[in-house]
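K.L.:
Quick one: the structure is below, questions incoming.
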Amino acid sequence: MPPSSTARSTMTTGTTMIDMVQPPRKSLWIPALFVGLMLLVVAVNGTMMFFAQSTFSGLDTEKSYEQGIEYNAILKDAAASAALGWTAKTTFTPVVGGRHVAVAIIDKAGSPIEGLRVIGHLVRPVSTAFDQLLTLRHEGKGVYGADVALPANGSWELRLEATGGPSDWQAVQRVFVK
């Protein structure tokens, strides 16, 4: 005699209704971990945005648009400066309260250039916060100097502009202050 269909399904599966009902697995740590990691990413990105905005303005030139328009005139002035053949030698000596910067300007023949009005712009390559504008006074025999209090030793860029000669003159020097 063949077994009934009800008995057959029970016998083939081998499980009862009581066996099928299991308590749900409590894995609440998985969503909590996901949310926690997302909050960590947001916090790190927020910190990076804060430091990116507060430490460097991104501004290297005050009047970049105007200088862009006058670029050809700037190139012409640079060519005129180079045609003069003047050179500058810069020295920094320690003095009370800082350093004394002296710039000796000579022509092609090695003669000192007298009677100039010289302005120097000391620029720290890593930060514009330390930039200083200097008016160098004539100290004799083509030497122009000024006292300056530098906030840090290391690499500086000295941008020189001289007027009052046969033509305006400009030069840029990288100096290392010890």
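K.L.:
In vacuo Debye scattering of segment 44-114, one point per C-alpha: log10 I(q)/I(0) at q = 0.22 Å⁻¹?
P.N.:
Values returned for q = 0.22 Å⁻¹ are -0.95.
K.L.:
Please give the charge dipole size of the chain, origin at the Cα centre, charges +1 on K and R Cβ atoms and -1 on D and E Cβ atoms. Round to the nearest 20 debye. Display every interim value, and only then the final one.
P.N.:
Details: 15 positive and 14 negative charges, 149 e Å.
Taking the Cα centre of the chain as origin, the dipole is about 720 debye.
K.L.:
Once you put a point 7 Å from the Cα of Q132 and another 7 Å from the Cα of K178, both along the Cβ direction, what distance in nm separates them?
P.N.:
1.9
K.L.:
Then there's this: Run the reach check for K89 against lysines, Cα to Cα strictly under 26 Å, same-chain hits fewer than 8 apart removed. What comes back?
P.N.:
Output for K89: K76, K108, K141, K178.
K.L.:
In a Gaussian network model over the chain where Cα atoms closer than 10 Å are linked, find which of V123, V41, V101 has the largest mean-square fluctuation.
P.N.:
Among V123, V41, V101, the largest mean-square fluctuation in the Gaussian network model of the chain belongs to V41.
K.L.:
Let me have the 222 nm mean residue ellipticity of the chain computed from DSSP H runs of 4+ only, each contributing -39500 (n - 2.57), with the sum over all residues rounded to the nearest 500. Show your work: numbers first, answer last.
P.N.:
Values: 5 runs with 60 residues, N = 178.
Rounded to the nearest 500, the figure is -10500 deg cm²/dmol.
K.L.:
Hey, another quick one. Between R159 and M49, what length comes free when the chain is fully extended (0.36 nm per residue of separation minus the Cα-Cα distance, one decimal in nm)? Intermediate values should be presented prior to the final figure.
P.N.:
Values: separation 110, 0.36 × 110 = 39.60 nm, distance 3.28 nm.
Extra length available between R159 and M49 comes to 36.3 nm.
K.L.:
Add +1 for every Lys or Arg and -1 for every Asp or Glu among the other residues with Cβ under 11 Å from the Cβ of G165, and state the total.
P.N.:
Numbers: positive: R117; negative: D107, E114, D168.
With Lys, Arg at +1 and Asp, Glu at -1, the neighbours total -2.
K.L.:
Once you list every other residue whose beta carbon is under 11 Å from the beta carbon of L122, what net charge do they have if Lys and Arg are +1 and Asp and Glu are -1?
P.N.:
+1
K.L.:
A follow-up question, please. How large is the charge dipole for segment 84-177, taken about the Cα centre, if only the Cβ atoms of Lys, Arg (+1) and Asp, Glu (-1) carry charge, to the nearest 20 debye? Please list the in-between numbers first.
P.N.:
Numbers: 9 positive and 8 negative charges, 34 e Å.
Approximately 160 debye in magnitude.
K.L.:
Hey, got a sec? Which GluC sites (Glu not before Pro) in segment 27-85 land in a DSSP loop and have at most 11 other Cβ atoms within 10 Å?
P.N.:
Values: sites: E62, E66, E70; in loops: E62, E70.
Answer by residue number: E62.
K.L.:
Please give me, ordered by residue number, the trypsin sites (Lys or Arg not before Pro) of segment 83-120 that lie in loop per DSSP and have at most 13 other Cβ atoms within 10 Å.
P.N.:
Hits after loop and neighbour filter: K108.
K.L.:
If you split all Cα-Cα distances of the chain into 10 Å bins from zero, what percentages do you get per bin, shortest first?
P.N.:
All Cα pairs, binned at 10 Å, distribute as 8, 22, 20, 11, 7, 6, 5, 4, 5, 5, 5, 2, 1, 0 percent.
K.L.:
Taking K and R as +1 and D and E as -1, what net charge do the other residues with C-beta under 12 Å from the C-beta of A73 add up to? Please report the intermediate quantities before stating the final value.
P.N.:
Numbers: positive: K76; negative: E66, E70, D77, D168.
Neighbour charge sum, excluding A73 itself: -3.
K.L.:
Taking 0.36 nm per residue of separation and subtracting the Cα-Cα distance, what length does fully extending R117 through F34 add? Please report the intermediate quantities before stating the final value.
P.N.:
Details: separation 83, 0.36 × 83 = 29.88 nm, distance 6.65 nm.
Separation in residues times 0.36 nm, less the Cα-Cα distance, equals 23.2 nm.
K.L.:
Then there's this: Given points 7 Å out from each Cα along the Cα-Cβ axis, report the E66 to D168 separation in nanometres with one decimal.
P.N.:
The modelled label-to-label distance comes out at 1.2 nm.
K.L.:
Just going by the charge dipole of the chain, with Lys and Arg at +1 and Asp and Glu at -1 on Cβ, which of G115, L134, A149 is farthest out on the positive end?
P.N.:
Result: A149, furthest along the dipole toward the positive end.
K.L.:
What does the convex hull of the alpha-carbon atoms of segment 84-177 project to on average, in nm²? Intermediate values should be presented prior to the final figure.
P.N.:
Working: hull surface 23.1 nm².
Over all viewing directions, segment 84-177 projects a mean Cα-hull area of 5.8 nm².
K.L.:
With springs connecting C-alpha atoms under 10 Å apart, model the chain as a Gaussian network and identify which of P151, P94, P31 has the largest mean-square fluctuation.
P.N.:
P31
Computed from the coordinates by the stated procedures, all read-outs in this text should not be read as laboratory data. Treat the numbers as computed from the prediction; the structure is a model and nothing was measured. Ideal geometry is used to build each Cβ from the backbone, glycine not excepted, and the neighbour counts take in all protein chains shown.
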